1. Which of the residues spanning region 195-229 are modelled with pLDDT of 85 or more, assigned to a loop (DSSP other than H, G, I, E, B) and surrounded by fewer than 18 Cβ atoms within 10 Å (Cβ to Cβ)?
2. Report, ordered by the first and then the second residue, all pairs with beta carbons closer than 7 Å, sequence separation of six or more or different chains, a first member in region 157-168 that is under 15 Å from I143 (Cβ atoms), and a second member that is of a type in the set (S, T, N, Q).
3. So which residues in region 1-46 are polar (S, T, N, Q) and either surrounded by 10 or more Cβ atoms within 10 Å (Cβ to Cβ) or at pLDDT below 75 (or both), if there are any at all?
4. Which of the residues that make up region 444-480 are of a type in the set (V, I, T) and modelled with pLDDT of 85 or more?
5. Exactly one of (1) closer than 27 Å to E561 by Cα; (2) touching a helix residue (DSSP H, G or I) at 6+ places or on another chain (Cβ under 7 Å); (3) not in a loop (DSSP other than H, G, I, E, B) is unmet by I458. Its number?
6. Check every one of the strands (runs of 3 or more DSSP E) wholly within region 509-621 and list those with 3 or more residues that are modelled with pLDDT under 90.
7. Taking L292 as the residue in question, decide whether it is in the same structural domain as E388 (by TED's automatic domain parsing) and in contact with a helix residue (DSSP H, G or I) (Cβ under 9 Å, 6 or more places away or on another chain).
8. Look through region 414-466, keep the residues that are among the aliphatic types (A, V, I, L, M) and surrounded by fewer than 17 Cβ atoms within 10 Å (Cβ to Cβ), and return whichever of them is farthest from E391 (Cα to Cα).
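The values are calculated or read from the model by the stated rules, or taken from the named source; none is laboratory data. Just so it is clear, the model here is predicted, and its values are computed rather than measured. FYI the Cβ positions are ideal-geometry reconstructions off the backbone, even for glycines, and counts take in every protein chain you see.
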Amino acid sequence: MLIYRNFLSLGWKDIVANSVLAFGSIFVARLIGNVYRQIWRYGGIQCYIRLLIADAGGAVFFILLEYIFDVLTPFKRLTFSIMVALMSVDLLLALAMRMMYRYCFKFGNETSLKGRVLRFLLKNFAGITLKKTDDSSKIKIAIVGAGKTGVSLAEDLMNNLASPYLPRLFIDTNDEKIGREIHDIPVISKNEPISEIIKEYKIQEIVIAIPSATAARKKELYDFYKQFGCKIKNYDYPTVQTVGAKPSLREFDIEDLLFRKQIQVVDENTKAYFKNKVVLITGGGGSIGSELCRQLAKMNPKQVVILDIYENGVYDVQQELKLIYKNELDLEVEIASITDRQAMRMVFEKYHPQIVINAAAHKHVPLMENNCLEAVKNNVFGTKIVLELCEEFGAERFMMVSTDKAVNPTNVMGATKRMCEMIVQGYSTRGNLKCSCTRFGNVLGSAGSVIPLFKRQISAGGPITLTDKRIIRYFMTIPEASQLVLQSGAMADNGELFVLDMGQPVKIFDLAKNMIELSGVQNIEIIETGLRPGEKLYEELLVGGNNLDTTDNELIFIEREEPISFEEMEQKLEVLRNACEQGDNDLVREALHSVVPTFKAPEEVNKNALNSMEMNIVKTV
């Protein structure tokens, strides 16, 4: 009332003068604060804070102008209480108008009465016609996780008129949120009768939006929510560690459900080791080789030389790295076979690599059973040629990519890789060349992996072909495998055989069933075709027993094994060489059995497979 009486005591000239100064001050302050350049339909809290600060600055500006003009042209100034009241009302109206404007845009597309009222206001006060959308055609989703990520996802979907999704529910474990609403979306607990609530809200898909959850936790959530008959999706939200990544809403992959914990093995010491080094990667166009190139490119090497006999794979990784690093990475490509001594010598003469990573090998088990001679020539003698050139041209380090199939091998491929391990250990006993081998299991997404094969078979309508329903395998990701090779090679002293704790093996039959379930395709049959030549039911655990030493990385171990002498290695190679000169696959296989004592027939191993420790700890995906 006092403010009202003070205001009435002003004359009309005083009111005009104060009004002009007030509106002029506010206008200029908002102009300077870029308030009028905001698109308020997308305005967030920062826009409203900017308006608040601009108006506060305008109030200060108004007080200064009052004193200046009072000196030049005396008039009755507003009292402080009146000025605060008027400025507050103006600010309140400005905020209300903008909030209402944004609210109209956000919910004016609804078909409800509220939507019709908001569209009317927009059309008559802003001259904007907003089209209504039919939410009945949208996919109703429940979002697991009412945290920052889940709420951000809901806002994005609600603000995007073209989005096919409509958030209807949040599911959370936070008692402070349960029973309340976020953006008019109710938050419920997972302990409530979710099945009934899902039917009530006509939920079609459930989205897990908890980026901080471990892979095992996501697997647990997937198993819980799939019982309700909805499609389960994952919201990938980029973190600080995934620079350049974009948020994406995608279906769960079978790789997610294997939930191997991502092993970060590349540390600062590894990066420092490869920095300013010339690195040659043989087989650089393959699954592992190309990822090795990607990982190395991040470590500021002096030069990366990619060598492969298959030009298409090399070309792809070359173009990818050029696009990312442009001229910052010195990248060279050479097309050659590691069995061609003259071509390899030219490569070594040209680049003088300091570090050589040998990822070139024939790896397909059934094909190598029928091409034993070629497997020995490429895998065994190709590796020896590279080692000889490393010694001749003074390379510092040789790192070989091996496989768990080299452990008590039952096939030609595994036996050749075991022979390669012995060769590398033989070379580690002399000279200045430091050598190491790194073993790991099946690689997800590689050219020979079973998962891409199953995906193609499902896309074709089935059936899925499985050699044996009892078969089990270990799995790891390509980045994991590549980082393991790099760190183990960097930490190697000389002659080490590095192995990885790869967790529990996975039953391939369960893998196939889950892939069918994830695909949503009905009536896909799984057919057993019988074990292929050289195939065994299980790969043996690489970690176990008392013959392992630990390293600084708790998941990387060193197999304690006495290397064979260089002379014994040469004797074994001479046996293989003589057999290869005969040009007979059977003779070469016999020779391979004689030089690799652990090379057994698959039937011998498979007959006792069910009694093995590995088959009894198998993991159901």
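1. Y201, K202, Q204
2. Here the result reads L157/S163, each pair linking region 157-168 to a residue that is of a type in the set (S, T, N, Q).
3. Passing the criteria: N6, S9, N18, S19, S25, N34, Q38.
4. The first filter runs over region 444-480 and keeps only residues of a type in the set (V, I, T), leaving 450-451, 458, 464-465, 467, 471-472, 477-478.
Of everything in region 444-480, those that are of a type in the set (V, I, T) and modelled with pLDDT of 85 or more turn out to be I458, I464, T465, T467, I471.
5. Every condition holds for I458 apart from (1).
6. Details: elements: 526-528, 548-550, 556-559.
Hits in region 509-621: 548-550, 556-559.
7. Working: in the same structural domain as E388 (by TED's automatic domain parsing): yes; in contact with a helix residue (DSSP H, G or I) (Cβ under 9 Å, 6 or more places away or on another chain): yes.
So L292 passes the test.
8. Kept after step one, since they are among the aliphatic types (A, V, I, L, M), are these residues of region 414-466: 415, 419, 422-424, 433, 443-444, 447, 450-451, 453, 458, 460, 464, 466.
With surrounded by fewer than 17 Cβ atoms within 10 Å (Cβ to Cβ) added as a condition, the list becomes 447, 453, 460.
On the way: A447: 32, L453: 41, A460: 50 Å.
That would be A460.
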